[in-house]
Structures are given as structure tokens and as C-alpha cells.
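**Q** Quick one: the structure is below, and I'll ask about it shortly.
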Amino acid sequence: MLKTASLHSITALLREQKSTLYFLGASFGGSILGFFLLPLFTKYLPVEAFAVIGFAFALNTFVGPLFTLSFNSFYIKEYNKELVDGKPTASIFSSIFLFSMGWSVLLLGALAILMPLAFYLLSISIPFYPSVFLVLLTGLFQIPFTYHLLELRLERKARAYFWVSFIQSVSCLILPLAFVIYYQPTADSRLLGYAIAFLAVAVYCFVRIRPKLGGAIDWKLIGRAFRFSAPLILYSFAYLSFDFIDRYFIEQFNASLKVLGFYNVGFQFANLVFVFSVAIYRAYEPNYYRLYYEKQFAKLNRLLDYTNYVIWGAGLATLLMLPFIVELFTSNDYSLSVEMGRWLILATILQGVNTVYQTYYAIAGKTFSLMIVSVISLALYMAAGYFFSKNYQYHGTIWVKIAIQLFIMVVSFFSFFQRLKSSRSFYLTMILSFVMLAVLYLYE
């Protein structure tokens, strides 16, 4: 009996690890392919095109919370609660999805009118139409894609999750590359190919989830979702704005648009660490919620530590390999991207660790506290970023980016000190961060 139980436990563990690898591979596989295709993009596209592309995607990330409204986090919470109570979740999914789609259409129309005016008032030299609008259009496509993947993840359908996510990543790289090579070697061509590929995947996802939709929208449920998500929306809006504001400062306070292009290439390499962090986080996110609701806080902390150790491992490996990677995967001289990328890797490591620690805010229902931390951080980032970017150009922008991530991590840790005081990864992160800062400063 004992041997049989042990065998079942081992089998279950292996099955869980196999599912986790599928979830990780889904997010990470597309990024790896992106690196192998980068030499072709750098061969056909000028540095200025990367400035436009990076700025457009950063702005899309900035307004992304307005499309999703963080209702996906509310659905995860409701799904786990209803699952424990043995209640059906289909009506919850239908109401949230239908409302999100309708809201996204209205939001896209508003952005199409208001954003060009904002570009004019902020003196942004990058044109809104068609480049930036093409990327914002994918915010609408993101809704069916996100919720289909969310259902697959919650139902632990790891293999299906992998293929849908991987196909989206591959198609959104291959089709843009084909447009650049065979149509026009411009930023607009790449972004047009990206939008068309994403549309095709979104249509497939909608067809897959269509049987789960039906009935009228439960407006009481939507009201509860807003009450839960309102602080998360502001948090996401503030937190994700960091990767847009830095581009804005660099575009405004550096003499050439090429600097922004080099920054975006360096960020693309460094951001591989954050993509990996998010992949790990999403793979284990349902487990974070489950362990919290089961009050297994020691196991939860060990899982958080494990996630952070993996993030640091990926970050340090990327840092050591960065000069060779950039030389191998670019066609021209991108040495400035290497210089920027070294510092940005530390920023993305800290951003990944913060994503993990801030899970406690959501699952503990402390979303208002999370919003306050994010808004204060954003205010500090804008004030310090303006001063340092104006006086030290891109160096100042990156220094402030790192400092703010350290600030957020310290505040998040001590906000849940009683729960997280046994977490060893926090202390390791603080030590490694200052060691890395010293090494990077001396190396430069």
C-alpha cells in the first residue's frame, strides 16, 4: 500500500512538472525564435524602425490594463472559489468575456480619436497612424486570446495551452518578417504583419470559446469585478507605464531617434528575462491562489522563493552571455545596445521578482494597497526620471528604472512581512542587486 501510494505521488509530481514545462515553453518558445529571427530584422530594418516598433509596443503595454480591466485576475479568484464550492463557472466566464469584448471595442474607438491629440500635445515625433494604431488594434484581439489561454491554464490543459500560445508567437514573428522582406522594409510593414497574424489567432480562440458563451451579462457580477479590479487596473496602469515612460524620456531627451532604437534592441534582449519570469509566474499562478486559500503559507513561500531563484538564474546567465548574443543575433554594430542591456537586465530581474511578490496583494484581497504602492512609485519614477533623463540622458533613465524596482520590492516585502519573513529570496535579491550595481558601474 505504501509503495502504491508513493508511486501515485511520484506519478502526480511528474505529471505536474510536465505540465509546468508546457506552460513555460509556451511563453518562452516564441521569445527564443524571436532571437533567431532578429538578425534578419536588423538586416532589413534601420535602427530608427526599432525605435518606432519599440515605442508602439511599449504604448500598447501601457494601455493594456484598460483593455483587460484586470478582470482575468477576478475570474481566477472566482474560479478557484467556485471550484472549492462545487459550483459551475460557465456563466461567470460568459459575462466577463462578453463585457470585456464590448468594452474593448468602445475603448479602441476612443483611443483612435484621443491618442493623436495626445501625441501632438506631448510633442512625440513618432507618428500615431498607422504604426502605433496597428499595435493598439491588437488590444481588441488580446481579449479572446487571453481568456482562451486562461481557461486552458485553469483546466491544466498544458499541451493545448502550449500549442495555442506557441502558434501565436510564431505567426506574429514569421508574417511580419515576410512583410518586411517581400513588401516593404519599414516599421509599418512589420506591425501590419503582426496585426494580421494576431487577428487570425484571435478568431481561432473565439471559435474555441464560443460554446461557453450565452445568456445575458450578469451586471451584478460585473459590478463585483469592478470593485475587485479597480485598484488592480490603476496598479497595472501605473506599473506597466514604466516601460512606456522610459521610451518617452529617451525620445525627448536624446539627440537622435537612433538612441531609442538601440535602447529598444537592448531592452528586447534584457526583456527575455522578464518574459521568462512571467512564464514561470503564469505556470504556477493557480498554485499560489490554491496554497493561500488552503492556508499552506510555508509551501507558498517556498514556491515563491523557487520562482525567484529561477528568475535570478536566467538573469545572470543572460548577463554573462549578452555581448556574444548581441554580436551573434544582430547584423550591424549594436554595441550601445549591449551597454544598455547590461543595466536593463538587472531592472527586468527585479521586475520579475516584484511580479511574484505582488501576488500576495491580489490573493489577499489587498488590491487597494497595491494600487497605492504603484501610484506612489509612478510619481517618484516620473519626477526622478525627468530630472535624471534630462541631465544624464539614457543613463539617467536606466538608473531610475532600477532604483524604482528596488523601492517597489522593499515596500511589497515589508507590507507582508509576517507572511514573507521566512522568504530567503528577498535577502538574496537585495545582496545580488547591489553586487551587480557595483560590478556594472566598475565595468563601465
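**Q** Could you tell me which helices of the chain pass both thresholds, a Cα extent of 24 Å or more along their own axis and a mean Kyte-Doolittle hydropathy of at least 0.0, with helices taken as whole DSSP H runs? Could the numbers behind the result be given before it?
**A** Working: long enough: 2-44 (63 Å, 0.64); 47-68 (32 Å, 1.60); 90-121 (45 Å, 1.93); 133-154 (32 Å, 1.28); 158-182 (35 Å, 1.53); 187-209 (33 Å, 1.47); 219-240 (28 Å, 0.82); 257-293 (50 Å, 0.47); 297-328 (45 Å, 0.97); 335-357 (34 Å, 0.85); 367-415 (34 Å, 1.19); 424-443 (28 Å, 1.62).
Both cut-offs are met by 2-44, 47-68, 90-121, 133-154, 158-182, 187-209, 219-240, 257-293, 297-328, 335-357, 367-415, 424-443.
**Q** What percent of all Cα-Cα pairs in the stretch 113-228 falls in each 5 Å bin, counting up from 0?
**A** Calculated over all Cα pairs of the stretch 113-228, the distribution is 2, 10, 15, 16, 15, 14, 13, 8, 5, 1, 0 percent.
**Q** Apply 1/(1 + (r/R0)^6) to the Cβ-Cβ distance of Leu106 and Phe35, taking R0 = 41 Å, and write down the FRET efficiency to the nearest 0.05. Display every interim value, and only then the final one.
**A** Working: r = 37 Å, r/R0 = 0.91.
The calculated FRET efficiency here is 0.65.
**Q** Further question on the same structure: Report the charge-dipole magnitude of the chain in Debye, nearest 20, computed about the Cα centre from +1 at each Lys and Arg Cβ and -1 at each Asp and Glu Cβ. Before the final figure, lay out each step's value.
**A** Values: 32 positive and 19 negative charges, 301 e Å.
Approximately 1440 debye in magnitude.
**Q** Given the rule -39500 (n - 2.57) for each run of at least 4 DSSP H residues, summed and divided by the residues of the chain, what is its mean residue ellipticity at 222 nm, to the nearest 500 deg cm²/dmol?
**A** Per the formula, -30500 deg cm²/dmol.
**Q** Among Pro176, Leu33, Ser415, pick out the residue whose Cα is farthest towards the positive end of the charge dipole of the chain, where Lys and Arg carry +1 and Asp and Glu carry -1 on C-beta, about the Cα centre.
**A** Farthest along the dipole direction, towards plus: Ser415.
**Q** Continuing with the same structure: Considering the chain, what Rg and Dmax in Å follow from its alpha-carbon atoms?
**A** That works out to 21.6, 73 Å for Rg and Dmax.
**Q** Scale the Cα Rg of the stretch 338-444 by the rule-of-thumb value 2.2 N^0.38 Å and send over the ratio, two decimals.
**A** Working: Rg = 14.7 Å, N = 107, 2.2 N^0.38 = 13.0 Å.
Taking N as the residue count of the stretch 338-444, the ratio is 1.13.
**Q** Taking +1 at the Cβ of each Lys and Arg and -1 at the Cβ of each Asp and Glu, which of Trp163, Leu303, Thr68 sits farthest along the dipole of the chain towards its positive end, judged by Cα position relative to the Cα centre?
**A** Value: Leu303.
**Q** Starting from 0.36 nm per residue, how many nanometres of slack lie between Ala230 and Lys43 once their C-alpha separation is accounted for?
**A** Gain in length upon complete extension: 62.9 nm.
**Q** A follow-up question, please. Find the eigenvalues of the gyration tensor of the Cα atoms of the stretch 295-381, then list the square roots of 5 times those eigenvalues as equivalent ellipsoid semi-axes, largest first, in whole angstrom. Display every interim value, and only then the final one.
**A** Details: eigenvalues 215, 69, 11 Å².
Square roots of five times the eigenvalues give 33, 19, 7 Å.
**Q** Taking the Cα centroid of the stretch 374-397 and of the stretch 120-196, what is the distance between the two, rounded to the nearest whole Å?
**A** Between the Cα centres of the stretch 374-397 and the stretch 120-196 lies a distance of 29 Å.
**Q** Continuing with the same structure: Among Gly261, Ala317, Phe237, whose Cα lies farthest out toward the positive end of the dipole of the stretch 183-342, if unit charges sit on the beta carbon of Lys, Arg (+1) and Asp, Glu (-1)?
**A** The residue sitting farthest along the positive end of the dipole is Phe237.
**Q** Between Tyr306 and Glu155, what is 0.36 nm times their sequence separation minus the Cα-Cα distance? Round to one decimal in nm.
**A** On the way: separation 151, 0.36 × 151 = 54.36 nm, distance 2.33 nm.
In short, 52.0 nm is gained.
**Q** Can you give me the C-alpha center-to-center distance between the stretch 292-341 and the stretch 234-259, rounded to a whole angstrom?
**A** Centre-to-centre distance over Cα atoms comes out at 22 Å.
**Q** Describe numerically, in nm with one decimal, the distance between label points set 7 Å from Cα along Cα→Cβ at Ala118 and at Phe434.
**A** My value for the distance between the label points is 3.9 nm.
Each value in this text was obtained by applying a stated rule to the coordinates, not by laboratory testing. Remember, predicted model here, so these are calculated numbers, not experimental data. Virtual Cβ from ideal backbone geometry, glycine too; neighbours counted across all protein chains shown.
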